[in-house]
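Read the structure below first, then the notes.
The numbers here are math on the coordinates, done by the rules we state, and not lab data. Quick caveat, the model's predicted, so the values are computed rather than measured. Glycine also receives a Cβ, built like all others from the backbone with ideal geometry; neighbour counts cover every protein chain displayed.
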Amino acid sequence: MRIAIASDHAAIEMKAALREWLIEEGHEVADLGPDSHDSVDYPDFGYKLAAVVAEGTAEHGIALCGSGIGISIAVNRNPAVRCALVSEPLSASLAREHNNANCLAIGARLIGIEMAKACVAAFLGTEFGGGRHQRRVDKLSNPSC
């Protein structure tokens, strides 16, 4: 699976750990930055991640910042992207099954790496349920549906 990952400076370590783990799991991973602990603005990296997922270069995106909140808001500004902020695996799974989320946001200062891996694994391992959920998902990108 092609996965893009991006963070701000607060989540550099988690991004690196998840990138390496995902590669070990057999995924193709595009690290969109940043590459250092220098302070950066999370919207810049959230927008970059959203663009890569929206254009189809990556099938899914993982967005990380200190709380996960700011970067998830930035990613969700793109109407072709549905980013769910999660802190445990059930929400990650439901985000895929019910909402067809194509991006996952995690707060690196709020959960540890093992819980983050569990969230990502649940997210990537769940398919969209379609059916009754499709109508609702369509409204997320087009409120007039």
Length gained if GLU97 through SER36 is fully extended, taking 0.36 nm per residue and subtracting the Cα-Cα distance, is 18.5 nm
Charges only on Cβ, +1 for Lys and Arg, -1 for Asp and Glu: so what's the dipole of region 48-144 about the Cα centre, in debye to the nearest 20?
280
Please determine, in degrees from 0 to 90 and to the nearest 10, the orientation of helix 113-124 with respect to the longest principal axis defined by the Cα atoms of the chain, where the helix direction is its Cα long axis.
30
Cα-projected label distance for GLU28 with SER144, points at 7 Å along beta-carbon direction, nm
3.7
With the charge dipole of the chain built from beta-carbon charges (+1 for Lys and Arg, -1 for Asp and Glu) about the Cα centre, the Cα from ILE62, HIS133, HIS9 projecting farthest to the positive end belongs to HIS133
Taking K and R as +1 and D and E as -1, what net charge do the other residues with C-beta under 13 Å from the C-beta of SER141 add up to?
+4
Rounded, prolate or oblate: which fits region 40-131, taking a ≥ b ≥ c as square roots of the Cα gyration tensor eigenvalues, rounded meaning a/c under 1.5, else prolate when a/b beats b/c?
oblate
Against the longest principal axis of the chain, how steep is helix 132-141, in degrees 0 to 90 to the nearest 10, with axes from Cα atoms?
60
Ordering of 122-133, 14-25 by packing [mean C-beta count within 10 Å, highest first]
14-25, 122-133
